[in-house]
Amino acid sequence: MARFETPTEVVRAARATHEAGYRKVNAYSPFPIEELSEAIGFHKDHVSKTVLLGGLTGAAAGFALQYFTSVIDYPINVGGRPLFSLPSFVPIIFETGILLAAFGAALGMIIMNNLPQPYHPVFNVPSFKRASRDAFFICIKSNDPKFDQAGTRNFLLGLGAKEVTDVEA
Amino acid sequence: MADNIENKGYVDPRPPVIGPGYTFESLTSKIADVVFMRRFQKGWLFGLGIAFLLALVLFNSIAYLVLKGVGIWGNNVPVGWAFDIINFVWWIGIGHAGTLISAILLLLRQSWRNSINRFAEAMTLFAVACAGLYPALHTGRPWVDYWLFPYPNTMGMWPNFRSPLMWDVFAVSTYATVSAIFWFIGLIPDFGTMRDTAKQPWQRRIFGILSMGWRGDARHWHRYESAYLLLAGLSTPLVLSVHSIVSFDFSVGIIPGWHATIFPPYFVAGAVYAGFAMVLTIGIPVRKFYNLEDFITLRHIRNMCKVMLATGLIVGYGYLMELFFAWYSGNTYEQFMMKNRMFGPYGYMYWLLILCNILVPQLLWVKKFRENLLVIFIVSMFINVGMWLERFVIIVMSLHRDFLPSSWRMYSPTVFDFSMFFGTIGLFLTLMFLFLRFVPIIPMFEMKVMLPQAKVEEDEKAAEKEKGTLGGAVPQFGD
């Protein structure tokens, strides 16, 4: 794991790492850096799909609930309105759709990030505390095909890292 | 209003979005230290004490209400809805500014929302909690409130989904839930920072659980940004729909003064108006007492004043339109309703409303006043009161004199109406004080994104960071 001091350095280093052929790379920063996730080769996230799924399910559920209760099971005449009064069903369909879409966003993001994950080997590195404050890290995993203990260490130092540490699994 | 300044010769005359001279480290310390300090500040304890006393008044009022019934309030026939619904709509309206700041300003790429969004969103949550008390407790038999929810029951009945009162149940619960989710998701990275900064093991454990092991992994950030943007995109129509649905409580009714199609946009604008006034009412003292002037800068204050002015004008337009409808409709009842509002027994409330909501805020047209914190604070208090009066005018004045003169009655609130109202203010302030002390008020990671040193230099030549560059080219969070 290599530590850098500025976003520019870490993004440049990440791109160099990717170009050198490393693929099992993680990068860490205290705030989102768009260029960084692209540099390590991560392009498509699927959160939008879970949101869409949640939204459609919620809307369908809201519709089904109202249709069943107002048209089939408890059909009462309220002010002469038709039993299948779709316009008056719309607000609740909308709300249940949004509710489940929001669950989709939050849970989708959390689950796809494999959270909650209270323990991770990188926490064992003492300077990693700064990952949430003011330092930027690149970590090359040892199961990367191009990984070589000494070679990778020299490579990272060559990229301008302030400190390179080994992470115990 | 993007903050990109590519031409170095141009100096942005607007005050900066963030004070100069911060590093990632100093920014983190300034915000996190508030939570980690060992002693409790006297001012905070005093404020919390008063707020909690009021909250106790609330709990007493609720207990007495459930024991004795809605008769302890001033509600009567024909004024079946009074302080209970006025306060409900008032609180919900206040909540909407938080979501607007968090969600809508994010979608509009206004980076100045980055510092105020967390406490505005917290304000939303607490306001919605206070609001939610009223529909739950005003039902007369609050112990059977669960009948409002569609569950299979032995009575063979289902709720009437064609009613705005049911739509309200779904809208307000969805709004509370989604706001809580949005707020919590926004907090996760900062809980990670707190976990890493905490000295005591019990603090580390609590923040560790809350942060769910967040480590700032770049892939995680990518999904996080997606989820955050999507949640903002969902919350925006949610805000608009919730207050529209609340307005339907009235506009679906047939009495003059209620049965108007202008209500949804008029209410939503009014909610934003009231909400920004409350954000300023809370924000101005908070930034002073916690020395956050570098994060909640004059730029924020000025922008919020402008939003207030704009929404105030929309509300004023709404009032004007009501006058127009009354006259143009030629309908005796509408016309009487308007005359009654202005010259009837509660006429003073109407004129007070015009003063508070329309006249006083026009002070904000003057630039000097937009930068004078005392003036802004006073104006925002006027608006808070004015928005309460607006709901009074709409609800009580239309109810107490509708179609048939024989049904006309006067309404007067009782001490319990007031005690419950001030009690909810106490509950709100208690929750705010607790929030200010135990949760980082300002999102640290969103602020870091705005620092000049956060920019990734694409060119290979070294960039010269001019200290004087106001709000220089910064990456927008959510780009």
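The values are calculated or read from the model by the stated rules, or taken from the named source; none is laboratory data. Owing to the predicted nature of the structure, the values given are computational and were not obtained by experimental measurement. Cβ atoms come from the backbone with ideal geometry, glycine included; neighbour counts cover every protein chain shown.
Couple of notes before you dig in:
- Residue check, B:S247 within 14 Å of chain A (Cβ to nearest Cβ), of a type in the set (S, T, Y), crowded, with 19+ Cβ neighbours inside 10 Å and under 30 Å from B:K448 (Cα atoms): no
- Residue satisfying all of: in segment B:208-225; surrounded by fewer than 21 Cβ atoms within 10 Å (Cβ to Cβ) and not basic (K, R); nearest to B:R109 (Cα to Cα) among these: B:E225
- Qualifying position, being part of a helix (DSSP H, G or I), surrounded by fewer than 14 Cβ atoms within 10 Å (Cβ to Cβ) and at pLDDT below 95, among B:G93, B:G43: B:G43
- In the condition set (1) in a helix (DSSP H, G or I); (2) within 14 Å of chain A (Cβ to nearest Cβ), B:W158 is compliant with all but (1).
Residue by residue, here is whether (1) in a helix (DSSP H, G or I); (2) away from chain A (no Cβ under 14 Å); (3) over 18 Å from B:I296 (Cα atoms) holds:
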| site | (1), (2), (3) |
| --- | --- |
| B:R409 | no, yes, yes |
| B:F416 | yes, yes, yes |
| B:F422 | yes, yes, yes |
| B:L427 | yes, yes, yes |
| B:L434 | yes, yes, yes |
| B:R437 | yes, yes, no |
| B:P440 | no, no, no |
| B:E446 | yes, no, no |
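- Of everything in segment A:37-51 that is of a type outside the set (A, V, I, L, M, F, W, C), in a loop (DSSP other than H, G, I, E, B) and touching a helix residue (DSSP H, G or I) at 6+ places or on another chain (Cβ under 6 Å), the residue that is farthest from the other protein chains (Cβ to nearest Cβ) is A:G41.
- Residues within segment A:80-101 that are within 7 Å of chain B (Cβ to nearest Cβ) and either modelled with pLDDT of 95 or more or crowded, with 16+ Cβ neighbours inside 10 Å (or both), tallied: 11
- Condition met for A:Y22 (touching a helix residue (DSSP H, G or I) at 6+ places or on another chain (Cβ under 9 Å), among the hydroxyl-bearing types (S, T, Y) and assigned to a helix (DSSP H, G or I)): no
- Exactly one residue among A:G58, A:G108, A:G54, A:G104 is within 8 Å of chain B (Cβ to nearest Cβ), small (G, A, S) and surrounded by 14 or more Cβ atoms within 10 Å (Cβ to Cβ), and that residue is A:G108.
- Counting the residues of segment A:1-16 that are within 12 Å of chain B (Cβ to nearest Cβ), assigned to a helix (DSSP H, G or I) and touching a residue at least 12 places away in the same chain (Cβ under 8 Å) gives 8.
- Single condition A:V71 does not satisfy, out of (1) free of Cβ contacts under 8 Å to residues at least 24 places away in the same chain; (2) assigned to a loop (DSSP other than H, G, I, E, B): (2)
- Odd one out for B:W202, checked against (1) more than 9 Å from every other protein chain (Cβ to nearest Cβ); (2) in contact with a helix residue (DSSP H, G or I) (Cβ under 9 Å, 6 or more places away or on another chain): (2)
- Any hit, segment B:163-173, residues being β-branched (V, I, T) and part of a helix (DSSP H, G or I): yes
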